[in-house]
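The values are calculated or read from the model by the stated rules, or taken from the named source; none is laboratory data. None of these values were measured; they are calculated from a predicted model. Glycine also receives a Cβ, built like all others from the backbone with ideal geometry; neighbour counts cover every protein chain displayed. Note: areas computed on protein heavy atoms with side chains; ligands, DNA, RNA excluded. Shrake-Rupley method; radii C 1.70, N 1.55, O 1.52, S 1.80 Å.
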Amino acid sequence: MRKRQAAHIEAPPPAPGQPRPNACCLCWCGCCKCLWTEDRIERSERQTCTKMDSIEAEEQQPTLDEALSWARSFELMLRSLAGREVFREFLRSEYSEDNLLFWLACEELRKETDPSVVEEKSRIIYEDYVSILSPKEVSLDSRVREGINLTLAEPSNLMYEEAQFQIYTLMHRDSFPRFLNSSVYRDLLANRRRSCLET
């Protein structure tokens with residue numbers, strides 16, 4: 001055993017960019033150059049970028065005019081990066097943040113054209129927001145849910161269109177009016193007005 005360990009220690013390291021001899025494709029240390037490892041690194045980079053985008057969104061502050069415009073249009077608020085972040089903060093306080101996350105995930109899926117990416121994202125959306133086993137399951141009626149189940153075998157970038165509209169309507173009619181009367185929105189307007197006066 002000691003001889004084998006010594007041999008392993010004395011063995012010269014592989015050249016940079018070269019796969020380790022007899023390396024397993026599922027090597028968790030990432031020392032082998034294989035498609036699985038490269039895909040895992042790429043996914044990790046995408047997740048990092050997503051986190052950075054989220055941090056930037058949290059730091060971005062809307063103007064007073066922009067914040068006031070949200071009261072006139074739910075659609076305007078959803079189109080605004082700052083608006084979505086503030087609305088998400090409110091939804092989190094009501095334990096309904098998953099509605100917005102589902103809607104955003106569907107928006108991203110609609111933009112996809114690569115069949116393999118569509119298949120992966122549609123599966124993730126189902127597992128995260130549609131499956132009855134998910135703790136983040138959104139409220140969909142049985143007809144819409146059944147329609148989604150029928151399209152799982154051949155997913156498309158529009159397979160959640162009806163479900164997305166149903167959640168959009170729920171947020172618009174139910175959550176949005178409460179958001180406009182909430183301390184989250186009122187405090188934001190007060191802070192924006194105060195900033196305007198100070199400048």
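Points to keep in mind about this one:
- In segment 181-199, residue nearest to T63 (Cα to Cα) [restricted to those that are among the hydroxyl-bearing types (S, T, Y) and surrounded by 13 or more Cβ atoms within 10 Å (Cβ to Cβ)]: Y185
- Of the residues F176, F102, the single one that is more than 18 Å from the chain's Cα centre (by Cα), touching a residue at least 24 places away in the same chain (Cβ under 8 Å), open to solvent by less than 20 Å² (accessible area, probe 1.4 Å) and within 26 Å of L68 (Cα to Cα) is F176.
- For segment 28-93, the helices (runs of 4 or more DSSP H) that sit wholly inside it and include 3 or more residues that are more than 22 Å from the chain's Cα centre (by Cα) and at pLDDT 50 or above are 64-70.
- For segment 117-124, the criterion of being surrounded by 11 or more Cβ atoms within 10 Å (Cβ to Cβ), of a type in the set (A, V, I, L, M, F, W, C) and touching a Pro at 6+ places or on another chain (Cβ under 8 Å) is satisfied by at least one residue.
- Residue within segment 175-184 that is at pLDDT 95 or above, closer than 19 Å to E97 by Cβ and either touching a strand residue (DSSP E or B) at 6+ places or on another chain (Cβ under 8 Å) or not in a helix (DSSP H, G or I) (or both) present: yes
- Members of segment 80-91 that are open to solvent by 20 Å² or more (accessible area, probe 1.4 Å) and under 20 Å from Q164 (Cβ atoms): L81, R84, E85, R88
- Each residue in segment 104-138 was checked for being within 23 Å of R79 (Cα to Cα) and of a type in the set (G, A, S), and 2 pass.
- Filter pass, I132 being surrounded by 15 or more Cβ atoms within 10 Å (Cβ to Cβ) and among the β-branched types (V, I, T): no
- Flag for R192 being over 16 Å from the mean Cα position of the chain (by Cα) and either within 17 Å of A71 (Cβ to Cβ) or at pLDDT below 95 (or both): yes
- The residues in segment 94-108 that are in a helix (DSSP H, G or I) and either of a type in the set (D, E) or under 17 Å from Q61 (Cβ atoms) (or both) can be counted, and the count is 4.
- Cβ-Cβ under 8 Å pairs, at least 6 apart or on other chains, segment 131-158 side closer than 18 Å to E97 by Cβ, far side surrounded by 11 or more Cβ atoms within 10 Å (Cβ to Cβ) and of a type in the set (D, E): S131/E137; S134/E127; S134/D128; K136/D98; K136/D128; E137/D98; V138/D98
- Scanning segment 138-165 for residues that are of a type in the set (S, T, N, Q) and over 17 Å from E108 (Cα atoms), we see that the one that is surrounded by the most Cβ atoms within 10 Å (Cβ to Cβ) is T151.
- Search result, residues across segment 64-79 that are surrounded by fewer than 19 Cβ atoms within 10 Å (Cβ to Cβ) and within 14 Å of W103 (Cα to Cα): E75, R79
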